[in-house]
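Here's the structure, in structure tokens; my notes come after.
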Amino acid sequence: MFSRIGVIGSGAMGRGIVQVFATSGCEVLLYDVRPEAVEQALSFNKDLLERQVAKGKLSPEQLAQTLARMQPAASLEALAGCDLLIEAIVENLEAKQGLFRQLEAIVAPSAVLATNTSSLSVTQIASGCQHPERVAGFHFFNPVPLMKIVEVVRGERTQVQVVERLCALAEAAGHFAAQTPDTPGFLVNHAGRAYGTEALRILGENIADFEQIDRILRDGPGFRMGPFELFDLTGLDISHGVMESIYAQFYGDPRYTPSHLAAQRVAAGLLGRKSDGQGFYRYVDGQQLRSPQPKRAHVSVDRSFWLDSQDAQVRGEVAALLGAGGAMLEEAAQPSANAICLITPLGEDASSVIARQGLPAERTLALDTFCDFSKRLVLMRQPALDPAFEAQAVQALGSNGVPVEVINDSPGFIIQRVVASVANLGAEIVQRGIATPATLDRAVMLALGYPRGPLAFAEFYGADKILAVLRGIQGCYEEPRYRPSPWLRRRVQLGLSLQTPDQPSAVQEQ
């Protein structure tokens, strides 16, 4: 463990790091080029801790002890006795390299130098040091005391013992230590690329509007925030910058392709909450303004319905919904001449399924089986559909009050596309040895707030179905963006859980 920690940079990250380690029992010194900023940061921490005392979460004695462990440093030289130095300064390579060169001349040769960088290469930062083996990434998330995760990043020359010591320190402070190599986006920012990037593509293809996409992803997979709400919260300039950075660092891999829509909105200054209350949504006095879901006129349902799925649970749920609306679900293998046909594609668009099955296009819609039918249904129209049959389907399926969304023809609807992209990228991260399955899922849930980790999502919907979705989307677009991960494919083929890591070699060197 470390006896004394020095933190350089007193912004939101720096002061949060100070609070976490002082609370866990470490002596921490805080330095900033502006002494008044250090005073403000320590005062901010004192106020937060006093609130915990008022709530009964911290005793007055614990407060006094914690405050005594948080001390200002008047100069970099005052950090000479620290055996761990954590920089949380501006996200600039030259600035971080310069700081570490200064620190190397001050601290002991055994002291560890850690960077809180979120996007820069730890290896590049360390390359300016005389002893790069003692440099590692120690990337926290804001707000540091509440986000119980830190990425421990090993550069190309980082000693194993340095990583182990940092992991032990983080765990002792109550934070999950997610070990990761020095790769673009590390673990969390890498894994998070699929959610918003795919949503932007769906919007760009006019499949649904941004509010529909948010509603569907909140009520289906259960994301706490839709992707466009999240863009508005974090700032689209920040999110788009990360997208561009990771795309460039992976040398144009199509999986990470940013959206021209985001670039245009950033250029227009439509960044979200921080830009005068205007992003994808508008905000008044900090409150998000949402458009009411359009109400549809009541229509008479005079048709029966036919469903292509033979899944007993799906058929039962659809029959119950139709029955509540006074409609009947046909049981025959083929639809009658008057039936409204419901198809349930995985990864394909409605047009492809209709053409393959020879169904009447003017009265066929697609239904997404990845939806939670008790919260929100999603139907997909196609260009040849008669609007009168669409209206009857919405009326019959939504008669019990469950909202029904209708989107344009798309391979994979919305839930299938987004969840499959998230799961596929997660599988690639494990394939590349960036994280174990368990570390990946836990890190994503803690840092990004997903209801499930990428691999847990795949197993919830069925890894075989996720693979089918990816193959369907790839077949429709003929793009490598949707190529299934070999890691995912192998486990589906062998009937293995996605929590099954690759097995180490049984052959030992002689």
May I ask which of Lys55/Lys148; Lys57/Lys274; Lys57/Lys96; Lys57/Lys148; Lys274/Lys465 have a Cα-Cα span longer than 29 Å here?
-> Lys57/Lys274; Lys57/Lys96; Lys274/Lys465
List the relative contact order of the range 439-507 as a percent without decimals, with contacts defined as Cα pairs under 8 Å and 6+ residues apart.
-> 24 percent
Phi-derived 3J(HN,Hα) across the range 29-40 with the Karplus relation (6.51, -1.76, 1.60, θ = phi - 60°), rounded Hz, x for Gly and Pro, is 10, 10, 10, 8, 5, 10, x, 5, 5, 5, 4, 5
Would you kindly derive the ³J(HN,Hα) couplings of the range 227-237 from the backbone phi angles with the Karplus curve 6.51 cos²θ - 1.76 cosθ + 1.60 (θ = phi - 60°), listing them in order in whole Hz, with x for Gly and Pro?
-> x, 7, 4, 5, 4, 5, 6, 7, x, 4, 5
Mind pulling the angle between the C-alpha long axis of helix 193-204 and the longest principal axis of the chain? Nearest 10 degrees, somewhere in 0 to 90.
-> 40 degrees
Short to long, in 5 Å steps from zero, the percent of alpha-carbon pairs of the range 420-510 per bin is 2, 14, 25, 23, 17, 10, 5, 3, 1, 0, 0
Which angle from 0 to 90°, rounded to the nearest 10, does the C-alpha axis of helix 60-69 make with the longest principal axis of the chain?
-> 70 degrees
With every protein chain present, what is the per residue accessible area of the chain (1.4 Å probe, Å²)?
-> 43 Å²
Full-extension gain in nm, Ala268 to Glu331, via 0.36 nm per residue minus C-alpha separation = 17.3 nm
Carbon and sulfur together cover what percent of the accessible area of the chain at a 1.4 Å probe radius?
-> 51 percent
In Hz, Karplus ³J(HN,Hα) per residue of the range 324-329 (6.51, -1.76, 1.60; θ = phi - 60°; x = Gly, Pro) = 5, x, x, 10, 10, 9
Just need log10 I(q)/I(0) for the chain at q = 0.06, 0.09, 0.10, 0.13 Å⁻¹, Debye formula, equal scatterers on the alpha-carbon atoms, no solvent, rounded to two decimals.
-> -0.35, -0.73, -0.86, -1.22
Given N residues in the range 387-463, what is Rg(Cα) / (2.2 N^0.38 Å)?
-> 1.50
Size descriptor, Kirkwood hydrodynamic radius, that averages inverse alpha-carbon separations across the range 109-238, Å | 16.6 Å
Of the DSSP beta bridges with both residues in the chain, give the percent that are antiparallel, rounding to the nearest 5.
-> 25 percent
Classify the range 147-200 as rounded, prolate or oblate from the Cα gyration tensor: take a ≥ b ≥ c as the square roots of its eigenvalues, call it rounded if a/c is under 1.5, otherwise prolate when a/b beats b/c and oblate if not.
-> oblate
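The values are calculated or read from the model by the stated rules, or taken from the named source; none is laboratory data. Computed from a predicted structure; not experimentally measured. In case anyone asks, the SASA skips ligands and DNA or RNA and just uses the protein heavy atoms, side chains included. Shrake-Rupley method; radii C 1.70, N 1.55, O 1.52, S 1.80 Å.
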